[in-house]
Amino acid sequence: MSGAKRAFDVLVSGGLLLALSPLMLAVALAVRLSSPGPLLFRQERVGLHGRLFRIRKFRTMRVGDGSGPQVTASGDQRITRVGHVLRRYKLDELPQLLDVLTGSMSLVGPRPEVPRYMQHYAPQVRAQILSVRPGITDNAAIAFRNEEQLLAGADDVERTYVDVIMPIKQQYYLDYVHRHSVAGDVMILARTFWALVGPQARTT
């Protein structure tokens, strides 16, 4: 099945890059004009079988010293005005189509964590999660599409993420590892699209 999944990833990500290139160009221009700094945000994440890679995102935060938490709550003062819009509609994730095309990621799979958070998973759980390529979206990403709002009321954003949100995501990730299929990926992609543009997206 991995060969079919990889072929699906290449075909769909390549097609989306072509179809969405005007939108990506517009987003790139907005990011460039919104604040000084690089166009893309690059950060080390843990990929397939524990290999590290640098994920691509459109930059949504002001350039700083990098001393803040590696998870973000709604209202974080580091986020630019344009960044708030990009994050709400997940447009900052579009450059990850390049990560899919190059093989670092899949369209669907467990979201890639930074090394410091990945270490919180038990070794046997971590091995299972990392047995598949990380993805742009999955059922956990859909369930926690408003994660930043959930974290906004936390006294300790990182502790809440590690102690409350990560254990729930773990169950989604393990379920995906055990049940994933190309047909299932298509369903998750459709659900992701609906979560971003459907009626419920306009009320959150």
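The values are calculated or read from the model by the stated rules, or taken from the named source; none is laboratory data. The shown structure was predicted, so the numbers you read here are calculated from the model rather than taken from an experiment. Backbone-built Cβ (ideal geometry, glycine too); neighbour counts: all protein chains shown. We work out accessible area using only protein heavy atoms, side chains counted, and drop any ligands, DNA or RNA first. Shrake-Rupley method; radii C 1.70, N 1.55, O 1.52, S 1.80 Å.
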Worksheet, complete the sentence: Between the modelled labels at Leu23 and His120 (7 Å from Cα along Cα→Cβ) the distance in nm is 3.1 nm
Discussion item. If I ignore ligands, DNA and RNA and count only protein heavy atoms, how much of Glu113 is accessible to a 1.4 Å probe, in Å² to the nearest 10?
Written reply: 10 Å²
Worksheet item: Just one of [x] 0.99; [y] 1.51; [z] 1.05 is Cα Rg over 2.2 N^0.38 Å as worked out from the coordinates here. Which one is it?
Response: [x]
Worksheet item: Based on the Cβ-Cβ distance from Ala143 to Leu98, what FRET efficiency comes out when R0 is 30 Å, to the nearest 0.05?
Response: 0.70
Fill in: Dipole magnitude (debye, nearest 20) for the chain, charges at Cβ of Lys, Arg, Asp, Glu
460 debye
Practice prompt. Using only Cα atoms, locate the centre of the range 86-102 and the centre of the range 21-58, then give the distance between them in Å, rounded to an integer.
Written response: 7 Å
